[in-house]
1. If ALA30 satisfies all but one of (1) of a type in the set (A, V, I, L, M, F, W, C); (2) within 24 Å of PHE145 (Cβ to Cβ); (3) surrounded by fewer than 19 Cβ atoms within 10 Å (Cβ to Cβ); (4) in contact with a helix residue (DSSP H, G or I) (Cβ under 9 Å, 6 or more places away or on another chain), what's the number of the condition it fails?
2. Return only the number of the condition from (1) modelled with pLDDT under 95; (2) touching a helix residue (DSSP H, G or I) at 6+ places or on another chain (Cβ under 8 Å) that THR111 does not satisfy.
3. What is the one condition in (1) under 23 Å from ASP151 (Cβ atoms); (2) surrounded by fewer than 21 Cβ atoms within 10 Å (Cβ to Cβ); (3) acidic (Asp, Glu) that ASP100 does not satisfy?
4. List the number of the failed condition for ILE89; all other conditions in (1) part of a helix (DSSP H, G or I); (2) open to solvent by less than 10 Å² (accessible area, probe 1.4 Å); (3) of a type in the set (A, V, I, L, M) hold.
5. For the stretch 153-173, give me the residue count where each residue is open to solvent by less than 60 Å² (accessible area, probe 1.4 Å), in contact (Cβ under 8 Å) with a residue 12 or more places away in the chain and under 22 Å from SER97 (Cβ atoms).
6. Does the stretch 178-188 contain at least one residue that is among the aliphatic types (A, V, I, L, M), at pLDDT 95 or above and out of contact with any strand residue (DSSP E or B) (no Cβ under 6 Å at 6 or more places or on another chain)?
7. List every residue pair whose Cβ atoms lie under 8 Å apart, where the two residues are 6 or more positions apart in sequence or sit on different chains, the first residue falls within the stretch 119-145 and is over 19 Å from ARG104 (Cβ atoms), and the second residue, located anywhere, is loosely packed, with under 15 Cβ neighbours inside 10 Å and among the basic types (Lys, Arg).
8. Residues of the stretch 145-171 being touching a Lys or Arg at 6+ places or on another chain (Cβ under 7 Å) and not in a helix (DSSP H, G or I), which ones?
Amino acid sequence: MHSGYRKPLYSTKVFCVGFHKTGTTSLRAALSILGYKVAGVMGIRDPNIAMNVMALASRATEDHDAFQDNPWPIIFRQMDLRFPGSKFILTSRDPKSWIDSVVRHFGNEETEMRKWIYGVGSPIGHEKIFLERYNTHQRDVINHFAGRPNDLLVMDLRAGDGWGKLCPFLGHAVPTRPFPHLNKSSDRARGGK
């Protein structure tokens, strides 16, 4: 066991299955405030991510309660089968706003993860491909959980969704501190993270 290991607190896993730039960093912070041990992005530069993803996920699910960022949106069906009764949170955002943010944030930088998700590694010049994949993913998640309102929560953090939606879905009391809003482009412009 590595240092810092702890047994997960919650028997119900929480999978955040929204694409990057939809409030995933804020959601991770919110889940941490609620006491979840959150696994974040992994395998981003692995050239064999498609083959290795399930082994990476298996290790991460052993000692985490919640999961955010990639690759979790891409393997949500497998996680739903493996962990029945889990909670899934789909963060969403206006598609035009989303692609603008993706282009600003990632630019021409390519990663193996984005190649796997979109078929191309960077958004610049491939905006239509990225948008089609984003829209397809949103529909796929909603259709997969159709008729299962206790299993899927859709949140638009930019529209003001926060503790009032998240806490009842997870069965938590609303914290007294404000819902976190992190990794905004305005924060990065000021030198924040």
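The values are calculated or read from the model by the stated rules, or taken from the named source; none is laboratory data. Computed from a predicted structure; not experimentally measured. As a convention, Cβ positions derive from the backbone with ideal geometry for all residues, glycine included, and neighbour counts pool all protein chains shown. For accessibility, only protein heavy atoms count, side chains too; no ligands or nucleic acids. Shrake-Rupley method; radii C 1.70, N 1.55, O 1.52, S 1.80 Å.
1. Failing condition for ALA30: (3).
2. (2)
3. (1)
4. Checking ILE89 against (1) part of a helix (DSSP H, G or I); (2) open to solvent by less than 10 Å² (accessible area, probe 1.4 Å); (3) of a type in the set (A, V, I, L, M), the one that fails is (1).
5. Qualifying residue count for the region: 7.
6. Looking for residues that are among the aliphatic types (A, V, I, L, M), at pLDDT 95 or above and out of contact with any strand residue (DSSP E or B) (no Cβ under 6 Å at 6 or more places or on another chain), one finds none in the stretch 178-188, hence no.
7. Pairs that qualify, where the first residue is over 19 Å from ARG104 (Cβ atoms) and the partner is loosely packed, with under 15 Cβ neighbours inside 10 Å and among the basic types (Lys, Arg), are HIS144/ARG77.
8. Passing the criteria: ASP151, LEU153, MET155, ASP156.
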